[in-house]
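To start, the structure under review is shown below, and the notes come after it.
The values are calculated or read from the model by the stated rules, or taken from the named source; none is laboratory data. For clarity, every value in this text was computed on a predicted model and none was experimentally measured. Every residue, glycine among them, receives a Cβ derived from its backbone with ideal geometry; neighbour counts consider all protein chains shown.
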Amino acid sequence: MRVTLIAVQSLDGFITRHDAPGAGFASAADQKHFRAALRGFDCGVMGRATYEQAQADGVPPPTPARRRVVLTRTPERFAAEAVPGVLEFTDAQPAEMVARLRREGCRACALLGGAQVHSLFLAAGLVDELWLTVEARLFGGGTPLLAARTDTCLRLLAHEGLGDDALLLKYAVVPCAG
Ligand SMILES: NC(=O)c1ccc[n+]([C@@H]2O[C@H](COP(=O)([O-])OP(=O)(O)OC[C@H]3O[C@@H](n4cnc5c(N)ncnc54)[C@H](OP(=O)(O)O)[C@@H]3O)[C@@H](O)[C@H]2O)c1
């Protein structure tokens, strides 16, 4: 199973605009790209904060063909919302979770943020690709793409313009030389 981190950020590296939750700053072109890209994944993993914001934004519910896994240290709080095999809440270690999803037949997993979950998966060496939309915006503050230090090496796979001003960059995570 491949894991692809998908995010939209400002040019200066923030995935939220200041303290405003969500990715409402994303351009129409990125939103279109994001919706189309998600159709290629049978699984989405996100942190509890991102899940709650997605609920508030009215994001469509998951389906058995496109299951959603939410990381929280208190999965029991969400027992009433959970639907086995469709919407799960877990405090499992990322490696354990990825191994289980693979065993259960998932082929492509979208890592949908936020910063804490990005860092958790990168630190565990579980991210295969990163698809990053860079919007022509500067925020100077907000939630950063990553919540912890890393030294991850990437290889550029593809780049394309989205709309007039945004850039979609696709990278593979590769071993660092030396
Ligand atoms: N621009 C974008 O592309 C984009 C993408 C995604 C999200 N976002 C935005 O980013 C913000 C959220 O990012 P964030 O970094 O604050 O939060 P997050 O990564 O979405 O969620 C953090 C939560 O994940 C859970 N968690 C973290 N580590 C865990 C572990 N080891 N085991 C189990 N659970 C763990 C904890 O939930 P509990 O507190 O329940 O234990 C923690 O509070 C939101 O505003 C969201 O809308 C933007």
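Listed by position, the strands (runs of 3 or more DSSP E) inside the range 87-178 whose residues that are within 19 Å of V69 (Cα to Cα) and free of Cβ contacts under 8 Å to residues at least 40 places away in the same chain number at least 1 are 87-90. A29 falls short on exactly one of the conditions (1) hydrophobic (A, V, I, L, M, F, W, C); (2) assigned by TED's automatic domain parsing to the domain that holds W131; (3) under 24 Å from G105 (Cβ atoms); (4) surrounded by 13 or more Cβ atoms within 10 Å (Cβ to Cβ), and that condition is (3). If you check T16, T4 for being in contact (Cβ under 8 Å) with a residue 24 or more places away in the chain and under 16 Å from K170 (Cα atoms), only one passes: T4. Tell me whether the range 71-78 contains one or more residues that are part of a strand (DSSP E or B), within 15 Å of the ligand (Cβ to nearest atom) and of a type outside the set (G, A, S). Yes, the range 71-78 contains a residue that is part of a strand (DSSP E or B), within 15 Å of the ligand (Cβ to nearest atom) and of a type outside the set (G, A, S). Being buried (at least 17 other Cβ atoms within 10 Å of the Cβ) and within 16 Å of the chain's Cα centre (by Cα) is the requirement here; does G142 meet it? No, not satisfied.
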